[in-house]
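Taking it in order: structure first as structure tokens, then the write-up.
The values are calculated or read from the model by the stated rules, or taken from the named source; none is laboratory data. Only a predicted model underlies this, so the values are computations on that prediction, with no experimental measurement involved. With ideal geometry, Cβ positions are generated from the backbone for all residues, glycine too; neighbour counts draw on all protein chains shown.
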Amino acid sequence: MSLKLPGCRRLAVGLALACGVVAVPAATVVASAASGSPATVANCRASSTDVWAAVEGDGTAGTVFYELEFSNVGSRTCTLRGYPSVWAVSLSGHEIGRSASRRGSPSTVTLHPGSTAHAILGVVDTGALCSGPGVAAAGLEVVPPGQSVPKASEADEVENFPVRVCPDQSSMNVLPIRSGVGIPNYTFS
């Protein structure tokens, strides 16, 4: 059976164009075609979020920017809001330095199954920031927005991500999650 609602579709499009988009902090509300009532979209869970990174970065005056990607590998639509938590880690998985500081204003991103959102990570040149040469990291530990701090079995680790960080202060910064796949050397907002 096929459900067709041409009048409702035109009304919904008209309302969306007239009212604009409103972000709801904890969850996103969407219209349910079957019942016509609002449905709440849950936050993305660790088990349905795959974190990966474009290793090629793009540098500017003292900072190299990388795209951190968050893909919904689950079977349900979910939301992410805010900033990922990011730490540099050693080969053995120990955290190095402090977590990335946060910049920018957060928004809510809705991820349908198979879709991806991104956040931009800036790694500051340690020669300009640290009191010493910095410490070489082997990878990153990344926790998507709204998810708990990782335990050993839950950590989303981006391996083979060799960066240098300050051992005693934050030398990375991260922007909030944004919709769409980030494109290395192109997406910077």
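A few notes on this one:
- Residues that are out of contact with any Lys or Arg (no Cβ under 6 Å at 6 or more places or on another chain) and farther than 18 Å from residue 52 by Cα occur in segment 154-165; there is at least one.
- Picking from residues in segment 70-104 that are out of contact with any Phe, Trp or Tyr (no Cβ under 8 Å at 6 or more places or on another chain) and of a type in the set (Val, Ile, Thr), the one that is nearest to residue 172 (Cα to Cα) is 86.
- Check on residue 142, under 15 Å from the mean Cα position of the chain (by Cα) and modelled with pLDDT under 90: no
Every residue, every condition in (1) outside any strand (DSSP E or B); (2) without any contact (Cβ under 8 Å) to a residue 60 or more places away in the chain; (3) of a type in the set (Gly, Ala, Ser); (4) surrounded by 13 or more Cβ atoms within 10 Å (Cβ to Cβ), yes or no:
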residue	(1), (2), (3), (4)
40	no, yes, no, no
51	no, no, no, yes
54	no, no, yes, yes
67	no, no, no, yes
70	no, no, no, yes
76	yes, yes, no, yes
